[in-house]
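These notes concern the structure reproduced below.
The values are calculated or read from the model by the stated rules, or taken from the named source; none is laboratory data. Source: prediction; values computed, not measured. Neighbour counts are summed over all protein chains in view; Cβ atoms, including those assigned to glycine, are modelled from backbone coordinates with ideal geometry. Calculation scope for accessible area: heavy atoms of the full protein, side chains included, ligands and nucleic acids excluded. Shrake-Rupley method; radii C 1.70, N 1.55, O 1.52, S 1.80 Å.
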Amino acid sequence: MADIHNENFESLLKQKGFLDIELDPTIDLFAEIEKLKKEKNAIVLAHYYQEPDIQDVADYIGDSLGLSQKAQSTDADIIVFAGVHFMAETAKILNPEKKVLLPDLNAGCSLSDSAPPALFKAFKDKHPDHLVITYINCSAGMKALSDIICTSSNARQIVESLPADQPIIFAPDKNLGAFINKKTGRNMLLWNGACMVHEIFSLEKITKLKIRHPKAKVIAHPECEEAVLSVADYVGSTTGLLKYSQEDSAQEFIVATEAGILHQMQKNSPGKTFIPAPPNNACACNDCPYMKLNTLEKLYLCMKYELPEITMDEAIRVAAKKPIERMLEISARYGL
Ligand code: 13P
Ligand code: SF4
């Protein structure tokens, strides 16, 4: 068992996380987390892909844009980010004076990993006349190489805010980029990245499900492949999918995104049926393995010990802040 009083605790944590700390099983984690929030003036921000218990204890649940906006406006001293690393990093970029905690530092993102900054810089240097729009699912190093950041809920408006003849590189998600190219008639140069969770949905199995549930609407995240998006009745960010599922008159939905979102869908529309879109193999691949590294136990421990904390190089932070702020300004202009 890790010794939390050991002076090397922080480095132990970096290597192994909180995994081998034994917690008293009688602790009421929900009550303890609420107590810690008050004691430390901490806010818990959670993404829709987090496990249900974490969503239920969060002060705010949202998509990447909503979470960035909340991180920008909060007056809490500590931001506890129940999401993945790039999300917590974005909160830190916007709030250098605040402590930003992530329950499990290993909560990465396959899409972010598909764009190493050094490789991307070499690509960008070959296209000096292009502006770079980068999806928020990327590292601070990538953000620092970008002109504007976007999320799945504002990508279209961000692209359309630029002159029609402006050459653009879009990174790292080729599926979102292709979807926006189609919607806007642009011809952005796409980086070849993708999300391991959203690329796994099976069009064949969705088609079979549609035959068994003919009235069900297919709703999909734009990180899915073109073939899946082409059969979707609605394509949008996690917040967009949730809103659509509440407002549309359909009673059944086949949901092509990470399965964590079903918790809020079911909570907000208890009478409706939500069917997770099946992956093209037998495993539970529509669970994001990174998002699901965070647990209620780790959330509690991270708030108690104020570790692991997000830190970064100041020069990268300053360079990465500009394109995020540009995104937030354009989003506000569009009322997003
Ligand atoms: P949203 O911004 O739509 O919540 O997407 C985040 C994400 O990681 C999708 O895989
Ligand atoms: Fe990254 Fe995909 Fe997980 Fe979203 S679902 S955090 S894009 S790996």
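I need the full set of residues from the range 89-118 which are within 13 Å of ligand 1 (Cβ to nearest atom), crowded, with 22+ Cβ neighbours inside 10 Å and either assigned to a loop (DSSP other than H, G, I, E, B) or without any contact (Cβ under 8 Å) to a residue 40 or more places away in the chain (or both), in order please.
Hits for the range 89-118 are Ala107, Cys109.
Among (1) open to solvent by less than 50 Å² (accessible area, probe 1.4 Å); (2) within 13 Å of ligand 1 (Cβ to nearest atom), which single condition is Met196 missing?
Exception for Met196: condition (1).
Step by step: first the residues of the range 64-82, then only those that are in contact with a strand residue (DSSP E or B) (Cβ under 6 Å, 6 or more places away or on another chain) and farther than 18 Å from Ile54 by Cα, then the one that is nearest to ligand 2 (Cβ to nearest atom). Which residue is that?
Among residues in the range 64-82 that are in contact with a strand residue (DSSP E or B) (Cβ under 6 Å, 6 or more places away or on another chain) and farther than 18 Å from Ile54 by Cα, the one nearest to ligand 2 (Cβ to nearest atom) is Thr74.
Name the residues in the range 146-197 that are part of a strand (DSSP E or B), under 23 Å from Lys321 (Cβ atoms) and aliphatic (A, V, I, L, M), would you?
Narrowing the range 146-197 to residues part of a strand (DSSP E or B): 148-150, 168-171, 173, 189-190, 193.
Cutting the leftovers down to under 23 Å from Lys321 (Cβ atoms) gives us 148-150, 168-171, 173, 193.
Of everything in the range 146-197, those that are part of a strand (DSSP E or B), under 23 Å from Lys321 (Cβ atoms) and aliphatic (A, V, I, L, M) turn out to be Ile148, Ile149, Ile168, Ile169, Ala171.
Tell me which strands (runs of 3 or more DSSP E) are completely within the range 207-282 and hold 1 or more residues being within 22 Å of Gly193 (Cα to Cα) and at pLDDT 95 or above, or say none if there are none.
217-220, 252-256
In the set Cys224, Cys138, Cys150, which member is open to solvent by less than 10 Å² (accessible area, probe 1.4 Å), more than 24 Å from Glu89 (Cβ to Cβ) and not aromatic (Phe, Trp, Tyr)?
Exactly one of Cys224, Cys138, Cys150 is open to solvent by less than 10 Å² (accessible area, probe 1.4 Å), more than 24 Å from Glu89 (Cβ to Cβ) and not aromatic (Phe, Trp, Tyr), namely Cys224.
So, Met303, is that one modelled with pLDDT of 95 or more and within 16 Å of ligand 1 (Cβ to nearest atom) or not?
No; evaluated as a whole, the condition is false for this residue.
Considering only helices (runs of 4 or more DSSP H) fully contained in the range 7-84, which possess at least 2 residues that are without any contact (Cβ under 8 Å) to a residue 40 or more places away in the chain?
9-16, 29-40, 64-73
Is there any pair linking a residue in the range 149-178 that is at negative phi and of a type in the set (Gly, Ala, Ser) to one that is open to solvent by 30 Å² or more (accessible area, probe 1.4 Å) and assigned to a helix (DSSP H, G or I), with Cβ under 7 Å and at least six apart or on different chains, and which?
Hits for this filter: Ser153/Thr239; Ala178/Glu226.
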